[in-house]
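Heads up, the thing below is written out as structure tokens.
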Amino acid sequence: MLHPVPTLRETPSQTAGPYVHIGMTPNFAEIRGIYDADPGLAMLTPDTVGERIEIVGRIVDGAGSPVGDAVVEIWQADAAGAFAAPMGPNSNSAPAFSGWGRQPVNGDGVFTFQTIKPGPVAGPDGKPMAPHVSLWIVARGINIGLQTRLYFADETEANAADYVLNRIADPRRRQTLIARREEGALPRYVLDIYLQGDKETVFFDV
Amino acid sequence: MSSIMLPGADGALYQRDHSWHPAANTPGYKSTTFRAPRQPLLAIGATASELTGPTFGHSMLGALDNDLIRNYSQDGTEAIGQRMIVFGQVLDENARAVPNTLVEFWQANAGGRYRHKKEGYLAALDPNFGGCGRTITDENGFYSFRTVKPGAYPWPNGGNDWRPAHIHFSVFGHAFAQRLITQMYFEGDPMIWQCPIVATVPDKAGIDQLIARLDRHNTTPMDSLAYRFDIVLRGRRSTMFENKLEGN
Ligand SMILES: [Fe+3]
């Protein structure tokens, strides 16, 4: 049997533009009454298993200004390191934890997700990757969505062995993906994302 | 430590052809200047975190989610503008349909005005037009929605730049690495070729992929025009291919 070869080309990406909130977070954009709630806003359900955490990030541009109009999506495994099974087309039973979230940043470029700490997921080499959350960032001035990951500072050993972190040649740049832990009502992991400059975040070609 | 994959979906994605997409930094579109990463992207290969992705059930959809003519109506009045159906098929690079995937869309009203607090264009708001909708593709990858044709609008880029009429699209696919945002334009619009954002797409054939075609066969007589816009997401290699590689 022959393997398939691509016969079509991917539709080119275009910027999400300055009005991305109308389409992706309409209630946040004060367009109310179309959707009950903005999708991805609430990730946790009473049945979600795992350690509740807050993820806080700030997106900064090359001039040092906050990127105040971005939308961030995250995708992560559950506490056991499993990804949510796909929902059936007519399913009414959303999983206890879908693993997907979407948040607009505020005017200071800050996004906040209330989620759970993911478990380790097997890497391509069969060894566990360190717990991580995948991020996708879109905004005006971003021509193609930026993919990166957030790792957890208190997973020192797992981070040191992580498949993806170890593909970053410059060890200093690995730090751009590692969120520091702050104590609060919920453990909070904080990561600044720099689009350009000395501290530019590592973005992926996935 | 396991991951659940879609049936037949465990092959890696084809590498993204970045020369087909806009570069990060495109000086003609000035907002990219301080927002484009300057370091090369790091190729990480595909792991379970990229090969899986969120899915959405049809039960999330409201009855009018795919009808922008009526989904923001305040008093039963329909949105003002040229009525049309936008439809198409979501496919992958192997030309296989992508079923059951969420498609979101947003646009300006018929006058070119967005319902957004940062929008300063003097064209009037339509009280009965919100500008967003969503749907989930059927088992053959098709989506459709009803709306009014958006107007062109000016934007602060070069002093007198205008966006051609367009609709923004967000598509999920079945893997987080397939996530795509793009814009749809209308066949025959001369303004497409004057737009700095369109011009970020390096290849004319790529721009052509963003242009919806008028489809007379799917018009609703005495009601709506129809435009077809197909969307192609990244495709996957088959596991067969990978086994072969190992065998060779
Ligand atoms: Fe627009």
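The values are calculated or read from the model by the stated rules, or taken from the named source; none is laboratory data. Only a predicted model underlies this, so the values are computations on that prediction, with no experimental measurement involved. Methodologically, a virtual Cβ is constructed for each residue, glycine included, from the backbone with ideal geometry; neighbour enumeration extends over all protein chains shown. These area figures cover heavy atoms from the full protein model, side chains too; ligands, DNA and RNA do not enter into them. Shrake-Rupley method; radii C 1.70, N 1.55, O 1.52, S 1.80 Å.
Lysines near B:LYS204 by alpha-carbon distance under 28 Å, same-chain residues fewer than 8 away left out - which ones? Within reach: B:LYS30, B:LYS149. With 5 Å bins beginning at zero, the pair-distance distribution over Cα atoms of the range B:71-179 amounts to 2, 11, 19, 19, 15, 13, 12, 6, 2, 0 %. Of the accessible area of the protein assembly as shown, computed with a 1.4 Å probe over protein heavy atoms only, carbon and sulfur atoms account for 53 percent. For the protein assembly as shown, the per residue solvent-accessible surface stands at 41 Å², with DNA, RNA and ligands left out and a 1.4 Å probe. Once backbone amide H atoms are built at 1.01 Å from N, B:VAL90 has B:VAL98, B:PHE142, B:TYR143, B:ILE231 as its partners under 5 Å, excluding neighbours fewer than 5 places away on the same chain. Sequence-ordered 3J(HN,Hα) estimates for the range B:112-128 from the Karplus curve with 6.51, -1.76 and 1.60 and θ = phi - 60° stand at x, 10, 8, 7, 8, 5, 8, 7, x, 5, 7, 4, 6, 6, 9, x, 10 Hz, glycine and proline given as x. Restricting the calculation to alpha carbons of the protein assembly as shown gives Rg and Dmax of 21.3, 67 angstrom. Accessible surface buried at the B:A interface totals approximately 8100 Å², computed with a 1.4 Å probe on protein heavy atoms. Checking every one of the GluC sites (Glu not before Pro) in the range A:118-198 against DSSP loop status and a limit of 15 other Cβ atoms within 10 Å picks out A:GLU183. In straight-distance terms, cross-link reach from A:LYS117 covers every one of the aspartates and glutamates whose alpha-carbon lies under 13 Å from its own, apart from those fewer than eight places away in the same chain; here that gives A:GLU51, A:GLU54, A:ASP78, A:ASP154, A:GLU155. Listed by chain and number, the aspartates and glutamates whose C-alpha is less than 18 Å from the C-alpha of B:LYS118, apart from same-chain residues fewer than 8 away, are A:GLU30, A:ASP69, A:ASP108, B:ASP126, B:ASP161.
Here the protein assembly as shown carries DSSP beta bridges of which approximately 75% are antiparallel, counting only pairs with both residues inside.
In whole percents, the pair-distance distribution calculated for chain A from its alpha-carbon pairs, binned every 5 Å from zero, is 1, 7, 13, 18, 19, 17, 14, 7, 3, 1, 0, 0.
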